[in-house]
Amino acid sequence: MPRNFLYEVPPTAGLPPRFGDLLPARTASLAARAAEFLGIDDVQVECSGTAALVVALTALQRRSKRTGVIVPAYTCPLVAIAVAHCGLELRLCDLAPGSIDMDADKLAALCDENTLAVVPTHLGGRVADVDTAIACARRAGAWVIEDAAQALGARFADGTPVGTRADIGFFSLAVGKGLTTFEGGLLVARDAQLRAELHRCSADIVPSDLAWEFKRTLQLLGYYALYRPAGLPLAYGWPRRRALRAGDATAAVGDDFPLTIPLHRLGAWRRSVGARAFPRLRDFQHELAERASKRCASLERIPRIAALRDAGAAHGTWPFLLVMMPTRAARDAALSALWTTNLGVSRLFIHALPDYDYLHAIVPKADVPNARDFAARTLTISNSPWLDEARFDFLLGELRRAVE
Ligand SMILES: Cc1ncc(COP(=O)(O)O)c(C=O)c1O
């Protein structure tokens, strides 16, 4: 069996771009399309998920002198960078074993009278336990911000859209998140007064910046040009393989973020591209969920391998499958066979937050064994339609070999 198939599978399932998205045309606004999609009144558009989080934290800072922000110890480095940008104190909560959720007891112990916000996080499209975070935060008088950057379109068991249960929620429209404006973010809040404050705060701290918008416009055009099997080696496959050959896993997954956050307005043309793509998102996500359900079942037939799924009747989104291997050695064996192929196998974040060298100045040291274990034992498998059955069967064979 060849180790490399003919074309490159992306690591996550992006909504297939259509040339028509790029044409100027009258369409509902991105905010209106997003509000309709989420079934809520008001969605605020920002230039990235990180910018949305910065606006949210800044608005809460205007309400309170508290400074602590509790986040899962395994999450996107941009979350830590956003907290540092706001001059707030990052506090890390370890995960529950083998889970994306913060450990409930540890979270309860961390919440105190200085806690400004708790940030439960729907990693990889999986639906996190937001109710426990809300209960802990309420006892301490803190707010809850749902990090739904990776989960636009997911739903809790009662049908509530993920991102809309806590006080504030945000979503990312970055590349790799399904629907994309190359970079972009959506910010929502339950309470009308808080929503008004978020809008005011954004107007105060987020300037227009033509240079950034020009750069992002070119990047979005490049994305539409290259997001196809023949284009992806150039945009994704070759740079990733070069980083892996150089032994730089952090660069290979794009975890090496700058420590400064671009804050600017998302321009009208990119908004219209996102708005034109939105009506296709729901059907695409159904297709992804069906494929993921079958493939999780196939993965679970391999002894000692688990595919992370949602608890109960919750419906997450499925940009990729998050696979938990029995040991770090088995995970590394699978990656050494598969990471440099073009089959869409990768990792989520490389480290728990305290373990990134470049974040040492802004992330506290912390004893977070479960977050480290999660980082050490997980890998991701793309849920892109381009990963066909032959390719997926090949992956299953390699995973089986890695645990034998
Ligand atoms: C969990 C999580 N939170 C926040 C962000 C930041 O979103 P953005 O990339 O749109 O700034 C990301 C992005 O990858 C993420 O994965």
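Key figures
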| item | result |
| --- | --- |
| Test: Leu322 is within 30 Å of Asp283 (Cβ to Cβ) and either surrounded by fewer than 22 Cβ atoms within 10 Å (Cβ to Cβ) or away from the ligand (no atom under 16 Å from the Cβ) (or both) | no |
| Qualifying position, being of a type outside the set (Val, Ile, Thr), in a loop (DSSP other than H, G, I, E, B) and buried (at least 17 other Cβ atoms within 10 Å of the Cβ), among Phe278, Phe284, Phe257 | Phe257 |
| Residues satisfying the stated conditions in segment 206-227, i.e. in a loop (DSSP other than H, G, I, E, B) and either of a type in the set (Ser, Thr, Tyr) or surrounded by 15 or more Cβ atoms within 10 Å (Cβ to Cβ) (or both) | Val206, Ser208, Asp209, Tyr227 |
| Checking Arg401 against (1) of a type in the set (D, E, K, R); (2) in contact (Cβ under 8 Å) with a residue 60 or more places away in the chain; (3) out of contact with any helix residue (DSSP H, G or I) (no Cβ under 9 Å at 6 or more places or on another chain), the condition it does not meet | (3) |
| Residues of segment 158-183 classified as within 12 Å of the ligand (Cβ to nearest atom), at negative phi, at pLDDT 95 or above and not aliphatic (A, V, I, L, M), total | 7 |
| Top-ranked residue of segment 31-82 - restricted to ones that are surrounded by fewer than 24 Cβ atoms within 10 Å (Cβ to Cβ) and of a type in the set (D, E, K, R), ranked as nearest to the ligand (Cβ to nearest atom) | Arg33 |
| Out of Pro10, Pro17, Pro24, sole residue that is within 16 Å of the ligand (Cβ to nearest atom), touching a residue at least 24 places away in the same chain (Cβ under 8 Å), of a type outside the set (A, V, I, L, M) and part of a loop (DSSP other than H, G, I, E, B) | Pro10 |
| Flag for Pro262 being surrounded by fewer than 20 Cβ atoms within 10 Å (Cβ to Cβ) and touching an Asp or Glu at 6+ places or on another chain (Cβ under 7 Å) | no |
| Only one of Ala189, Ala243, Ala235 that is closer than 29 Å to Thr132 by Cβ, crowded, with 17+ Cβ neighbours inside 10 Å, hydrophobic (A, V, I, L, M, F, W, C) and more than 15 Å from the ligand (Cβ to nearest atom) | Ala189 |
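The values are calculated or read from the model by the stated rules, or taken from the named source; none is laboratory data. Small disclaimer: the values here were computed from a predicted structure and weren't measured. Here Cβ is always computed from backbone atoms with ideal geometry, including for glycine, and neighbour counts include all displayed protein chains.
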